[in-house]
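Below is one structure; the comments refer to it alone.
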Amino acid sequence: MIKVGKLMNKERGHATVAFARSWKKFPPLKHVAIVWQTKAMILTYSSSFITHLLALPPASTSTSTGAVSSSLLHRSPQGSFGSILRYKLRSYCSAPVNRGEFMASNIKVVQNPDSISYLNQREAAEVDEILMGPLGFSVDQLMELAGLSVATAIAEVYNVKDYNRVLAICGPGNNGGDGLVVARHLYHFGYKPFVCYPKRTAKPLYTGLVTQLESLGIPFLSVDDLPMNLSEDFNILVDAMFGFSFHGTPRPPFDDLIKRLVNLQSCNEVNKKPSVIASIDIPSGWHVEQGDTSGDGIKPDMLVSLTAPKQCAKSFSGSHHFLGGRFVPRSIVDKFKLELPSYPGSSMCVRIGKAPQVDISSMRENYISPEFNEDEVDPDPFIQFQKWFDDAMAAGLKEPNAMALSTAGKDGKPSSRMVLLKGFDKDGFIWYTNYGSRKAKDLSENCYASVLFYWDGLNRQVRIEGCVAKVSEEESQHYFHSRPTGSQIGAIASKQSTVIPGRDFIHQQYKDLEAKFCDGASIPKPNYWGGYRLKPEFFEFWQGQTSRLHDRLCYFPEQANGTNIWKIKRLAP
């Protein structure tokens with residue numbers, strides 16, 4: 001321990017003293033055994049210790065912001081090494097950690113947001129010490145999990161199309177490191193992140209994050225580069241300046257940056273779409289337990305709490321409160337009697353409380369698209385459809401072949417559903433279904449139908465109307481046998497649109513058929529399944545535009561010289 005103490009700075013020296021004090025608590029006869037246990041412990045966890053120590057500010061160095069160890073699943077700034085070491089010694093003298101406790105599924109969960117647990121500053125620091133102590137997490141692991149959680153929450157609420165430009169304002173501590181990780185993930189999610197990192201931390205973990213961002217071409221902006229009204233250039237402002245370990249009053253340049261975020265509230269009146277603020281774990285400048293004590297601090301639109309919400313989150317009044325950091329082990333849940341919401345599916349974040357109520361009448365999109373003029377449209381609607389379909393494919397839109405099919409029976413009552421286009425040519429547009437379904441019954445009584453393609457990412461839709469007929473049996477056979485085996489069995493198992501006793505019933509039908517056709521033999525197409533073709537008699541190509549002045553170019557069939565031609569006409573939006 002003497003050698004280790006010489007290699008450490010002043011902060012780490014305090015840890016040696018703390019260890020010596022802890023040493024006196026053990027009976028003398030156990031000293032030898034404890035020495036060897038401690039040596040083994042230090043060798044086993046040395047990389048975790050060193051990583052943690054490197055993330056701590058040197059005790060002899062002061063920053064312009066005071067005590068700046070920050071957020072996340074966060075790291076306690078003073079005495080961390082000693083606290084972790086004492087905790088490890090206690091754990092080595094007690095029962096070993098059960099690896100089964102790491103299962104997130106064992107967390108006690110609650111759905112009522114009013115009963116969710118909130119941590120005070122001491123508890124939050126102790127949680128981090130345990131995570132980075134006996135539970136074996138390193139600072140960079142926790143930072144990566146935190147940043148991914150925050151980026152996921154942002155992407156869930158603020159779509160990349162409308163909120164593309166992101167500014168991450170990063171402090172010198174761990175909260176700032178979280179912000180750097182957020183910027184990297186948002187870049188890969190398709191956003192355009194920028195970073196303001198005025199007080200850089202010269203430690204390998206942070207310089208590595210900077211290098212990663214620079215290699216992606218993500219711009220770093222100085223405080224002087226930023227406009228006074230941040231809404232002019234950015235859609236989302238990630239507040240990653242200070243976390244729950246911060247004490248005191250923010251110093252330059254962070255005091256000015258916090259004022260700029262506060263001033264957004266007054267700027268919002270003149271901006272059509274103001275920037276939104278997303279704070280990581282703690283809104284910068286807030287008291288960890290008492291919240292915005294002055295009443296004139298940052299009022300974020302989104303707060304992403306990490307590990308568990310801190311007490312100040314009770315006074316958060318923004319629209320979106322999320323919890324991130326899906327890794328809390330059972331031992332911590334039990335120790336702090338935590339009640340946390342369950343995470344949906346494989347998501348890294350979960351909403352706390354209900355989504356804000358929205359005035360549906362005020363919801364509108366001001367489409368911005370290139371003009372779609374008559375001199376640009378192809379005379380042949382099938383060729384024009386091919387061009388737009390190719391554009392949708394190139395844009396990477398999900399299922400660009402999805403179309404809403406609307407039918408009506410002899411009673412005239414319409415019904416719509418989504419189906420998938422499986423081919424088109426001059427003869428029409430093809431899809432496949434069960435001939436006993438509701439749509440098939442409608443078509444048997446009324447052959448006229450319409451299909452609608454909507455490509456949101458391009459602000460486009462195509463409406464096609466015409467008469468529908470079944471495709472040939474040969475075409476249906478060919479397509480049926482081109483489908484995956486599971487889809488073939490599913491088509492046989494499901495008597496579409498008929499009433500069934502429950503979900504288990506259809507799954508049992510599927511399992512029985514799967515066993516029947518397990519020998520690999522060709523699966524026969526059922527005679528109640530096949531394709532339809534809609535032969536167009538009308539096309540409309542719609543391009544969204546600003547102020548609802550949309551482009552609507554339509555094709556109507558006309559007779560000319562004894563032949564059918566398509567006449568293009570523009571309709572009022």
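The values are calculated or read from the model by the stated rules, or taken from the named source; none is laboratory data. Quick caveat: nothing in here was measured; it's all calculated off a predicted structure. Reconstructed Cβ throughout: ideal geometry from the backbone, glycine too, with neighbour counts over all protein chains shown. Heads up: the accessible areas ignore ligands, DNA and RNA and are worked out on the full protein's heavy atoms, side chains in. Shrake-Rupley method; radii C 1.70, N 1.55, O 1.52, S 1.80 Å.
Here are the numbers for the structure shown:
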item	result
Criterion: open to solvent by less than 80 Å² (accessible area, probe 1.4 Å), among the acidic types (D, E) and either out of contact with any Cys (no Cβ under 6 Å at 6 or more places or on another chain) or more than 19 Å from Y532 (Cβ to Cβ) (or both) - qualifying residue of E445, E514, E474	E445
Matching residues in the range 397-433 - criterion: being in contact with a Phe, Trp or Tyr (Cβ under 9 Å, 6 or more places away or on another chain) and either assigned to a loop (DSSP other than H, G, I, E, B) or hydroxyl-bearing (S, T, Y) (or both)	L397, P400, N401, T407, L421, K422, K426, Y432, T433
Count of the range 320-340 residues which are more than 22 Å from D178 (Cα to Cα) and either among the aromatic types (F, W, Y) or under 17 Å from the mean Cα position of the chain (by Cα) (or both)	1
Residue in the range 491-505 that is farthest from the chain's Cα centre (by Cα), counting only those that are surrounded by fewer than 15 Cβ atoms within 10 Å (Cβ to Cβ) and not in a loop (DSSP other than H, G, I, E, B)	F505
Yes/no for L420 being under 25 Å from Y479 (Cα atoms), surrounded by fewer than 15 Cβ atoms within 10 Å (Cβ to Cβ) and of a type in the set (A, V, I, L, M)	yes
One residue from S522, S547 being modelled with pLDDT under 95, open to solvent by 70 Å² or more (accessible area, probe 1.4 Å), not in a helix (DSSP H, G or I) and not charged (D, E, K, R)	S522
Among residues of the range 198-213, those that are surrounded by fewer than 17 Cβ atoms within 10 Å (Cβ to Cβ) and under 10 Å from R184 (Cα atoms), counted	1
Condition met for G345 (farther than 18 Å from E123 by Cβ, without any contact (Cβ under 8 Å) to a residue 60 or more places away in the chain and touching a Leu at 6+ places or on another chain (Cβ under 8 Å))	no
Only one of D551, D504 that is over 21 Å from A440 (Cα atoms) and in contact (Cβ under 8 Å) with a residue 40 or more places away in the chain	D551
Spans of strands (runs of 3 or more DSSP E) in the range 242-341 with at least 3 residues under 19 Å from S115 (Cα atoms) and open to solvent by less than 60 Å² (accessible area, probe 1.4 Å)	302-306, 320-324
Unmet criterion (only one of (1) under 18 Å from E465 (Cβ atoms); (2) in a loop (DSSP other than H, G, I, E, B); (3) not acidic (D, E)) for G436	(1)
Considering residues of the range 349-373 that are open to solvent by less than 50 Å² (accessible area, probe 1.4 Å) and of a type in the set (A, V, I, L, M, F, W, C) only, the residue nearest to L303 (Cα to Cα)	I352
When residues of the range 554-573 are limited to those that are without any contact (Cβ under 8 Å) to a residue 24 or more places away in the chain and under 20 Å from P370 (Cα atoms), the one surrounded by the fewest Cβ atoms within 10 Å (Cβ to Cβ)	A572
Residue selected from the range 342-392 under the condition among the small types (G, A, S) and part of a loop (DSSP other than H, G, I, E, B), by the criterion farthest from the chain's Cα centre (by Cα)	S369
The lone exception for G208 - which of (1) at pLDDT 90 or above; (2) more than 28 Å from the chain's Cα centre (by Cα) it fails	(2)
Hits in the range 477-490 - residues which are assigned to a helix (DSSP H, G or I) and either among the acidic types (D, E) or open to solvent by 70 Å² or more (accessible area, probe 1.4 Å) (or both)	H478, T485
Residue within the range 454-461 that is buried (at least 17 other Cβ atoms within 10 Å of the Cβ), part of a helix (DSSP H, G or I) and of a type outside the set (K, R) present	yes
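Okay, residues lined up against (1) more than 23 Å from the chain's Cα centre (by Cα); (2) surrounded by fewer than 23 Cβ atoms within 10 Å (Cβ to Cβ):
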{"position": "E126", "(1), (2)": "yes, yes"}
{"position": "Q141", "(1), (2)": "no, yes"}
{"position": "E144", "(1), (2)": "no, yes"}
{"position": "A153", "(1), (2)": "no, no"}
{"position": "N159", "(1), (2)": "no, yes"}
{"position": "R165", "(1), (2)": "no, yes"}
